[in-house]
Amino acid sequence: MSILMVTGIIIGLGGLHAANLMCPELLTIDNDIIEAALRMTRGLEVSDDILVVDVISKVGPSGHLLGEKHTLKYYKMETRLPKIGDKDTFEMWREVGSKTMDIRELAKK
């Protein structure tokens with residue numbers, strides 16, 4: 001994936017037929033994918049305060065970190081849901097009517 005090589009140009013951005021044509025719908029889909037890829041390149045923060053080896057040792061293998069003050073202080077939920085994509089499985093998509101992206105987007109309006 002070119003995003004991991006820190007390239008200046010990412011091929012795809014709405015281009016069809018060797019980028020001779022531009023497709024606004026595909027540009028929107030490509031943007032969604034590239035946003036997810038860019039999020040992955042940010043990586044994870046690692047520090048002694050984040051790793052909390054001492055708290056993990058204190059809790060032990062039979063305990064859990066959810067009740068610890070450190071967890072409450074540092075826990076943050078970061079999920080990146082696609083704006084137009086669908087993260088459901090193929091089977092789940094079929095169960096809810098096999099709606100394509102354009103149909104789902106029209107239903108939101």
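No lab work stands behind these numbers, since they all come straight from the coordinates. Note that the coordinates shown come from a computational prediction; the quantities given were computed from them, not determined experimentally. Glycine gets a Cβ as well: all are built from the backbone with ideal geometry, and neighbour counts include every protein chain shown.
What FRET efficiency comes out for the pair T100/I34, r = Cβ-Cβ distance, R0 = 22 Å, nearest 0.05? Let's see the in-between values first.
Numbers: r = 21 Å, r/R0 = 0.94.
Between T100 and I34 the formula returns 0.60.
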Worksheet, complete the sentence: Straight-line reach check, K83, cutoff 19 Å on alpha carbons, 8 or more apart in-chain or any other chain, hits among aspartates and glutamates -> E25, D30, D32, E35, D102, E105
Worksheet entry | Net length gained if the chain between D48 and H70 were fully extended (0.36 nm per residue, minus Cα distance) | 6.7 nm
Response to the item:
The simple spin-label model distance between T89 and M22, using points 7 Å out along Cα→Cβ, in nm, is 4.0
